[in-house]
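The values are calculated or read from the model by the stated rules, or taken from the named source; none is laboratory data. Keep in mind that what you see is a predicted model, and the values were worked out from it rather than measured. Using ideal geometry, Cβ is built from the backbone for each residue, glycine included, and neighbour counts are taken over all protein chains shown. Heavy atoms of the whole protein, side chains included, go into the accessibility calculation; ligands, DNA and RNA do not. Shrake-Rupley method; radii C 1.70, N 1.55, O 1.52, S 1.80 Å.
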Amino acid sequence: MALSRLRGPVKEISKSHAPSFLRARFLSSSSSRSLSRPPCVQNSLVGDHGSLLRPASLFMLTGVQINSLKLKLWVGGIKYFSSADSSHTVLQMPAMSPTMSQGNIAKWRKKEGDRIEVGDVLCEIETDKATLELESLEEGFLAKILVPDGSKDVPVGQPIAITVEDQDDIQNVPATVAGGSEIKEETTNQNVKNENKVQEKSSIKTSASAIPPHILVEMPALSPTMNQGNIAKWLKKEGDKINVGDVICEIETDKATLEFECLEEGYLAKILAPEGSKDVAVGQPIAITVEDPADIETVNNSVSSGSEIKEAKPMHRDDGNEAKAQKTSVARISPSAKLLITEYGLDLSSLKASGSHGTLLKGDVLAAIKSGKGSSSKEKTLPSPQKASPAVSTDSRSHIKQSDSFEDLPNSQIRKVIARRLLESKQNTPHLYLSSDVILDPLLSLRKELKEKHDVKVSVNDIVIKAVAVALRNVPEANAYWNAEKGEVILCDSVDISIAVATEKGLMTPIVRNADQKTLSSISLEIKELAEKARAGKLSPNEFQGGTFSISNLGMFPVDQFCAIINPPQAGILAVGRGNKVVEVVIGSDGVERPAVVTKMNLTLSADHRVFDGKVGGAFLSALGSNFSDVRRLLL
């Protein structure tokens, strides 16, 4: 996660005060890597009334978290001092990442008037990356909550609470800070006025007074690029008890299928997004949980069904814009749809467009033909010619049957991303192709020897990975990528090999990191584990994001030779074909040339021509060929 300085409106301070601190850390870590930023005090500014403006100054982030997306946040505040009024501290919504512009108040752990000790959790904040716990670094009392439970899209820098040092000062806070209630109203109004996603939430909130205490579970953002996801499977049913750490459902994102874990105990009262729901927007409600099992029936009665909640929004919108929808129902017609309309003489007014901006698609026309709604004007006006010519009628039926003899296969999120990225790669990356044959016999002999003498089982692909990694280490210019912003080549420090693995949901590329430093046996073991995870859709982001070079092996299918497409932002991918036995002239130990049967394998390099020129590509293939001819050097 990227580091960033806190941003947001600064507050007036009538007296100099030490800068407040903010620190975030992951509760658990799956990596030993740590990042930190030293404290850096910003320059003070002078306000309109001669007061000192001083923003928060320290941000520190340590650890890397993959599975559990729960963070802890340590926050101080910005203090106000006045000769007339008591001193107090205003807590603001912090910015935890460069992309974060707003956050949600998931739950307040402290109530107004409660005493606060150092380290006490004040509330839980849901950001665009994770859920964080807001902890206090100072003692005091929670005087005023400005943003209540469940508030959505609270801008960074907006005050969310006020604390005081002396309990007697609590009653003086509302007079000192005006607009506390106004902030609440602004936050509530802002939530109601949002677009489709928030309208859907507000339809649930309208009956919140009738619903007992509950938690609205929303579609989480499980990756920085995720804006929607699919509900692959619900692992809990309505009425089931939920414990901390229980997996509620499986969510299919644009990268992988991930398990959604619960961080609080309770009961699953209502499923709003059923199993198999597609393209559920991030932030859209997917379920409701309650703490008391007796409240489940009340929730079901208040929210009769998830479909009614979903229908509430389009029904409301259609009532206001029904006339407009009628006029613009078919604004455009796709070429394939136009051909079908002409061929079957369909009435355009009876067709409904499902494409963007009122575009009538081929699927809309075929659906109308199947259902019989798209009645043919020719059939209505000319019934007698059809009876007179049965041959024409038979031909038209065969055409209809032939047009319907196909099946639409819905794309998964992973396949959509693959299709988009590969198209971008071919359009934006100048591909350079270099091909070479290598003799595979030394590799096969080493593989056999390792199995018979040392009981070490490695595949041809494992040895290919090691050979490629060593070649990249020897030719560092090939282990690089193109930086479009700077317009220059960036050399990579480590050799991380991405391996193409075919899965039911699409092509995944798990990564063997620092492959040049690992043994053949460790590479073999790691590849097996990563391939199993990839096929099961259980890869964590750090296991498939990154990589400096890719390998695609189709030799087992079998394929003799092919050209692969570069996986951006990488600059190279090696296509590995199968080994074929051919007769070739070889030089014996006595120096005499003799025909012999050898096993040869084709290797085709697809390289970014902005990074690879002929010299770098040739040097890489030459180093790779040397590794295959003297394969034992890979054991060093």
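Some notes on this structure:
- Å² per residue, accessible surface of the range 479-571 at 1.4 Å: 50 Å²
- Between K426 and V597, the modelled labels are 3.9 nm apart [label points 7 Å from Cα along Cα→Cβ].
- Fraction of accessible area attributable to carbon and sulfur, the range 415-573 (%, probe 1.4 Å): 52 percent
- Stretching the chain fully between V121 and D613 yields a gain of 171.4 nm (0.36 nm per residue, less the alpha carbon separation).
- For the range 332-371, radius of gyration divided by Kirkwood radius, i.e. Rg to Rh on alpha-carbons: 0.91
- Rounded to the nearest 20 debye, dipole of the range 332-371 from Cβ charges on Lys, Arg, Asp, Glu: 100 debye
- Accessible surface comparison of F557, F260, F620, probe 1.4 Å, protein chains only, largest first: the order is F557, F260, F620.
- A simple spin-label model places the labels of I587 and N483 4.5 nm from each other, with each point 7 Å out along Cα-to-Cβ.
- Filtered GluC sites (Glu not before Pro), the range 455-527: DSSP coil and at most 15 other beta carbons within 10 Å: E485, E504
- The range 100-164, accessible surface, carbon-and-sulfur percent (1.4 angstrom probe): 44 percent
- Taking a quarter of the surface of the Cα convex hull of the range 503-636 gives a mean projected area of 10.4 nm².
- Computed with a 1.4 Å probe over protein heavy atoms only, the accessible surface of the range 214-300 comes to 42 Å² per residue.
- Computed over protein heavy atoms with a 1.4 Å probe, the accessible surface of the range 100-164 works out to 33 Å² per residue.
- For the range 88-162, trypsin sites (Lys or Arg not before Pro) are listed when DSSP marks them as loop and at most 16 other Cβ atoms sit within 10 Å of their Cβ; the list is R109, K111.
- Of T253, L263, V299, farthest towards positive along the dipole that unit charges on Lys, Arg, Asp, Glu beta carbons give the range 214-300: T253
- Rough spin-label spacing in nm, given labels placed 7 Å along Cα→Cβ, for R415 and I490: 3.3 nm
- Listed residue pairs exceeding 30 Å between alpha carbons, taken from K236/K533; K278/K533; K451/K533; K152/K533; K457/K600; K370/K533: K152/K533; K370/K533
- Accessible area per residue (1.4 Å probe, heavy atoms of protein chains only) ranks L634, L263 as L263, L634, with the largest value leading.
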